[in-house]
């Protein structure tokens, strides 16, 4: 299992557009992927669940992956979160 | 029937339109609560999958269509919808409800979608909260496909129409053809709802939040939608219709003139520049500030965050709100006034003592000093939000230099705290005083050495200087911001700030009062802040002025002993100036 903490950079937070880019990227990995914010956690491959977390700009999230490609998944997805600006 | 009184709501996209109504109902969805038989589970699941496939191909078609017509922004919404339709958690939840509770597909979808939508609409961030509409839009589409109900195709509208609905979904607004759709009216939604954002981007006149609009309006009714006055006339009579047509023509003319000025600076004919800003109460007002060409926010009244609620807003909630405003103004400066509660504004979340003279009582920073649990979270939230855009802090009701020093010390201590915690903020955030007590005006030359700016709150400055309660009707005529006593103090404040190399703005009603514009420019006022809607008119006046002439006007007015003399001078100048500026045009 791998995990990493990153800050949401998207100007208006993780609304539909940036979150769907994230979900599409997450689906490319076999590992189970979760996104954790405060006490809430959501399936990183579900746009519905991600939207319930309310990820505003500046929120720090933990991306956790469990599976054969966990390490690549965490590093690629972390980079993605830090670079999506809107 | 004909309504004598117009309907109204939240004006969210300006303009005036007259056309027939088309009411889009959402009553064509009936959810059957009868459970399915044990043996029918697999069949029901197949029904869901078939509906989902159909929905996917519809949304793909819309997305492709938008891509072809170059509507990239709208297309992105539907790309998101595709991801939502294929969502594995949604599928999992729906199938579980079918298998375990024996729900029909439509009920299972409704149930699953509502549980997400509720969680999303409870979020603190106002922008993310509105995304609940996307969830429900997807739900409605899936259910329509399960039931075999056609999704209404707005592309097929062939005559001029004002659309009326409980709420517009993104798929509906994206299909709107501007050729025939002339306006939007909805029962739900605020200024940041999908319908509102879309209406503004399409420049369609729109009023949202109109209670019971779909009950009062029938398809085919003639509607006069006057967003300028926040009025919706249903089946107006001939006289009313003529009135609205006049408003419509007037609006079109004004708009042309103002539109041309929007991005031009507020510059006098001889090159003296002032700054024109907007007063706002919530993040929702930021768009209209931008649309009317505001160069910044001269007064953001934070007390709206504290009103109508049983508990005080926490630091986090305030931080989100202030950051949202900083971002919405995209790099333009925002003056955040710390909460100005007390006086005529009481709060359910604060235990207010009964006071004989509330305007002379426990108010604004006076509450701050007694209640660090209110002061510190607000100041911290503003400081943190300053990482997202240029914010300035302004303290209301200052009456002594030592008060400002104490507040500044608090800000410095909080900065140390944030720095130690590695929290980003603007180190150089300017601190200013709202000049609204005569004491602050008299002390302006001392305050000017310590502040970064002043902003004159003329409403209270007038009331305190003239000792006239502005809420008391019996003496209402004595409430005169143009009184030589008030003008004298204003001049003193402006001069004191300039002598110390600082600037002075004005955020009271007087700043947006066209009678006073020439005088205030001449007095050397640097920034004018007013309701967004007043901006274009004041800018037009500034641009018609000659600064040298305005300065002479100010010198003459300084010699006026009575209100009448001041008013006569201003009128004479206005007559002269309108002649001069016409010649100039």
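Coordinate-derived values only; no laboratory data. Everything numeric here is computed off the predicted structure, so don't read it as measured data. All Cβ positions, even for glycine, are placed from backbone atoms using ideal geometry, and neighbour counts span all protein chains on display.
Odds and ends about this structure:
- Paramagnetic reach from residue A:1 in the stretch A:31-63 [backbone N under 12 Å; point 7 Å along Cα→Cβ]: A:32-34
- Relative to the longest principal axis of the Cα atoms of chain B, the long axis of helix B:41-68 makes an angle of roughly 50 degrees.
- Degrees separating the helix A:16-27 axis from the principal Cα axis of chain A, which is the longest one: 0
- Cut-off 14 Å, label 7 Å out along Cα→Cβ of residue B:366, residues of the stretch B:450-475 by amide N: B:464
- In chain B, the longest principal axis of the Cα atoms and the axis of helix B:238-261 are about 70 degrees apart.
- Between residue B:562 and residue B:420, the modelled labels are 6.3 nm apart [label points 7 Å from Cα along Cα→Cβ].
- Chain B shape via C-alpha gyration tensor axes, a/c threshold 1.5: prolate
- Convex hull volume per residue for the stretch B:258-584, taking Cα atoms only, in Å³: 132
- Taking each residue as 0.36 nm, the span from residue B:533 to residue B:349 lengthens on full extension beyond its C-alpha to C-alpha distance by 63.0 nm.
- Overall form of the stretch B:240-304 per C-alpha gyration tensor (a/c, 1.5; a/b vs b/c): oblate
- Structural descriptor for chain B: relative contact order 13 percent, calculated from alpha carbon pairs under 8 angstrom and at least 6 residues apart.
- The share of Cα pairs per 10 Å bin across the stretch B:38-147, counted from zero up to the longest distance, runs 15, 43, 30, 11, 2 percent.
- The modelled label-to-label distance for the pair residue B:38/residue B:485, using points 7 Å beyond Cα in the direction of Cβ, is 9.0 nm.
- Dimensions in Å of the protein assembly as shown - Rg and Dmax from alpha carbons: 28.4, 95
- Length released on extending from residue B:459 to residue B:122, taking residue separation times 0.36 nm less the Cα-Cα span: 117.6 nm
- Here the spin labels are modelled as points 7 Å beyond Cα on the Cα-Cβ line, and at residue A:75 and residue B:307 they lie 5.4 nm apart.
- Within the stretch B:99-122: backbone nitrogen closer than 12 Å to the residue B:46 label point (7 Å, Cα to C-beta): none
- Separation of the stretch B:1-79 and the stretch A:1-72, taken as the distance between their Cα centroids, equals 28 angstrom.
- Kirkwood-Stokes translational diffusion coefficient of the stretch B:463-585, alpha-carbon pairs, 37 °C, 0.692 mPa s, µm²/s: 216
- Length released on extending from residue B:478 to residue B:20, taking residue separation times 0.36 nm less the Cα-Cα span: 160.0 nm
- The Stokes-Einstein estimate for chain A, based on a Kirkwood radius over Cα pairs and taken at 25 °C with 0.890 mPa s viscosity, is a diffusion coefficient of 201 µm²/s.
- Neighbouring partner chain Cβ atoms per residue of A:22-28, average, 10 Å criterion: 2
- The stretch B:389-486, relative contact order in percent, only Cα pairs under 8 angstrom and at least six apart counted: 26
- A helix-only calculation puts the protein assembly as shown at -14500 deg cm²/dmol for mean residue ellipticity at 222 nm, using -39500 (n - 2.57) for each DSSP H run of at least four residues, averaged over all residues.
- Our summary gives the stretch B:258-584 a relative contact order of 20 percent, counting only alpha carbon pairs under 8 angstrom and 6 or more residues apart.
- Computed FRET value (nearest 0.05) for residue B:61 with residue B:101, which takes r as the C-beta separation and R₀ as 30 Å: 0.35
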